[in-house]
Amino acid sequence: MQVISVPSAPFAGQKPGTSGLRKKVTVFRQERYLENFVQSIFDTLSGQQGQTLVLGGDGRYYNDVAIQTILRMAAAAGFGRVLVGRDGILSTPAASAVIRKWRAFGGIILSASHNAGGPDGDFGIKYNLGNGGPANEAFTDAVYRRTLEISAYNSIDAPDIDLSRLGELRVGDMIVNIIDPVADYAELLESLFDFERIAALLARPDFRMRFDAMHAVTGPYARAILEDRLGAPAGTVVNGTPLPDFGGGHPDPNPVYAAELVAALADGSSGLSFGAASDGDGDRNMIVGRGFVVSPSDSLAVLAANHALIPAYAGGLAGVARSMPTSCAVDRVAAALGIPCYETPTGWKYFGSLLDAGKATLCGEESAGTGSDHVREKDGLWAVLYWLNILAVRDLPADVIVREHWQRFGRNVYSRHDYEGIDTAKGDHLMNELRSRLPQLPGAEFAGLHIVSADDFAYTDPVDGSRSERQGIRILLDEGSRVVFRLSGTGTEGATLRVYLERYVADPDRHEVPTQEALAPLIGLAEAVAQIAAITGRSEPDVIS
Ligand code: G1P
Ligand code: ZN
């Protein structure tokens, strides 16, 4: 096998964001663009000779082309074996499961998660370490530095291989195993939950669920697990065939993009009692009860509070972790359980060290991400099965379970307002202005709200001591209310401002006040402090979740 060195030159802007490098497909299709980034990953690694790499993606447009390129480059980089999902498919949590099960050296996941796909949509790539989790910031920073100095990439002269059939092939001297993308993952989930009880629930005539795969990667996974293994009726999984452009939709399971599912459960007319959805690469989840969308922050708290009902977690939770903007609902559960609750920056990569060290068992983010120490990614179908297991044991509808949770712990009323595609300079300006005003904020009053403290969130990893600065502006108010501002690190066009709003309501008589109404004073404060309309020219958010 002869390694060919192809001369190249750096591209600007190959800096991984919250979750890998995400760009428009048109950017990735430029000659040498993907190759430069992949070579920079391989140059940052050491010791990969003869080792196993896991490779797969969410099936979006360009997935197939990128996989063939990466296989040739992996052979040139000296990997001994690549495990690739059939048709190049691996959901993000499945990739994590495969890396861990087969003790691979690492993995490359091709996805832009919930971002739209297709020739004019987004593409993405990220590297996961041997623990199955996204590489940490030290690694991604090193990859970025490498992209700025790259002068050549290595490949071999080999034809594309057929990825549609399971089996063993070769690319150069490297072995390629085309694996069933579902099997290892399904087996892992089956080991965590009470499949017999869930199957009994799904067989009940008075229980009907719908899982919306949003034309994205979870279709085959959900069919195999919910319909084939658990016996849910055929048709339980809708939009179950992965399409390269997700059918033109936006594979993000929130009330805006999964409006059809929410509508189907809005009243009793469809006969559905439970709904769920997942995103482009299968790591996010949405849980819907009858006429009731479960807020992801509440979902994390409910999962933690009910852990004793789940076989894998019945022995107890070591701790829980949430990203800083996620509501503090889970903190209250942790306090009641007497276990630690860690607050990390946004992005799953920060949970890895806590999970590896056995400090946290469950983790979650307000952005529809929940997961546990079974893999090192958030996991959409895992969350759905966890909920089904709770429903099966408690024999109550999802909305009643959440309402009972509020009765016991109080309600952390929560919402996120996103201002998408704003001018990058304006987004930076808004954040800089806010940052410069931080010292004046503590003690200030806005329409009866009292600011207790304000800071730019910084985090020191309790396991490895690494420090991450500038992770979002926090304004903390009386009685557990908060407003948080940060710029998205996953968008590919302009800037997205995220405003996170939270208010704690202990009084059960006020739990049913509509969310935006309950948060109105905080929405006013956010505008007054950050001057969103004046700086961005936007008077309303694009997405409210
Ligand atoms: C968003 C979410 C974040 C999540 C990430 C990857 O990142 O807010 O919680 O980890 O997607 O799914 P952001 O665009 O806010 O940087
Ligand atoms: Zn995702």
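The values are calculated or read from the model by the stated rules, or taken from the named source; none is laboratory data. Given the structure is predicted, the values throughout are model-derived calculations rather than measurements. Positions of Cβ are backbone-derived with ideal geometry, glycine not excepted, and every protein chain shown enters the neighbour counts.
Across the range 134-154, which residue is nearest to Asp245 (Cα to Cα) among those that are assigned to a loop (DSSP other than H, G, I, E, B) and at pLDDT below 95?
Ala135
So, Leu487, is that one closer than 30 Å to His405 by Cβ, at pLDDT 95 or above and within 16 Å of ligand 1 (Cβ to nearest atom) or not?
no
Listed residues Ala213, Ala186; which is surrounded by fewer than 21 Cβ atoms within 10 Å (Cβ to Cβ) and within 22 Å of the chain's Cα centre (by Cα)?
Ala186
Applying the selection to the range 211-241, what residues are closer than 13 Å to Ser278 by Cβ and hydroxyl-bearing (Ser, Thr, Tyr)?
Correct list: Thr218, Tyr221.
Condition first: away from ligand 2 (no atom under 16 Å from the Cβ) and part of a helix (DSSP H, G or I). Now tell me which residues in the range 369-386 satisfy that.
Within the range 369-386, Leu385, Tyr386 qualify.
Give the number of residues within the range 271-292 that are among the small types (Gly, Ala, Ser) and crowded, with 23+ Cβ neighbours inside 10 Å.
Final tally of qualifying residues: 6.
Among the residues of the range 103-153 satisfying the criterion of being within 14 Å of ligand 2 (Cβ to nearest atom) and among the aliphatic types (A, V, I, L, M), which is surrounded by the fewest Cβ atoms within 10 Å (Cβ to Cβ)?
Only one residue tops the list, namely Ala116.
Hey, can you tell me all the residues within the range 354-368 that are farther than 15 Å from Ser96 by Cα and either within 12 Å of the chain's Cα centre (by Cα) or not in a loop (DSSP other than H, G, I, E, B) (or both)?
The answer is Leu354, Leu362, Cys363, Gly364, Glu365, Glu366, Ser367, Ala368.
Only residues that are assigned to a strand (DSSP E or B), within 21 Å of Lys15 (Cβ to Cβ) and either of a type in the set (A, V, I, L, M, F, W, C) or away from ligand 2 (no atom under 16 Å from the Cβ) (or both): list them for the range 477-497, please.
Matches in the range 477-497: Arg486, Leu487, Ala495, Leu497.
Identify, from the list Ala318, Ala314, Ala277, Ala335, the residue that is over 25 Å from Pro93 (Cα atoms) and not charged (D, E, K, R).
Ala335
Taking the residues in the range 409-427 that are part of a helix (DSSP H, G or I) and in contact (Cβ under 8 Å) with a residue 60 or more places away in the chain as candidates, determine which candidate is nearest to Cys363 (Cα to Cα).
Phe409
Step by step: first the residues of the range 337-353, then only those that are free of Cβ contacts under 8 Å to residues at least 24 places away in the same chain and part of a loop (DSSP other than H, G, I, E, B), then the one that is farthest from ligand 2 (Cβ to nearest atom). Which residue is that?
Among residues in the range 337-353 that are free of Cβ contacts under 8 Å to residues at least 24 places away in the same chain and part of a loop (DSSP other than H, G, I, E, B), the one farthest from ligand 2 (Cβ to nearest atom) is Gly338.
Within the range 387-400, is even one residue at pLDDT 95 or above, in contact with a His (Cβ under 7 Å, 6 or more places away or on another chain) and in a helix (DSSP H, G or I)?
Among the residues of the range 387-400, not one is at pLDDT 95 or above, in contact with a His (Cβ under 7 Å, 6 or more places away or on another chain) and in a helix (DSSP H, G or I), which makes the answer no.
Would you call Ser372 out of contact with any Phe, Trp or Tyr (no Cβ under 6 Å at 6 or more places or on another chain), surrounded by fewer than 24 Cβ atoms within 10 Å (Cβ to Cβ) and touching a residue at least 24 places away in the same chain (Cβ under 8 Å)?
no
Is at least one residue of the range 379-401 in contact with a helix residue (DSSP H, G or I) (Cβ under 7 Å, 6 or more places away or on another chain), acidic (Asp, Glu) and within 14 Å of ligand 1 (Cβ to nearest atom)?
Yes, the range 379-401 contains at least one residue that is in contact with a helix residue (DSSP H, G or I) (Cβ under 7 Å, 6 or more places away or on another chain), acidic (Asp, Glu) and within 14 Å of ligand 1 (Cβ to nearest atom).
Among the residues of the range 57-103 satisfying the criterion of being under 23 Å from the mean Cα position of the chain (by Cα), in a helix (DSSP H, G or I) and among the β-branched types (Val, Ile, Thr), which is farthest from Ser372 (Cα to Cα)?
Ile67
Each row is one residue, and each column tells you yes or no for (1) in a strand (DSSP E or B); (2) modelled with pLDDT under 95; (3) touching a Phe, Trp or Tyr at 6+ places or on another chain (Cβ under 7 Å).
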residue: Asn177; (1), (2), (3): yes, no, no
residue: Asp184; (1), (2), (3): no, no, no
residue: Ile198; (1), (2), (3): no, no, no
residue: Ala216; (1), (2), (3): no, no, yes
residue: Arg223; (1), (2), (3): no, no, no
residue: Gly231; (1), (2), (3): no, no, no
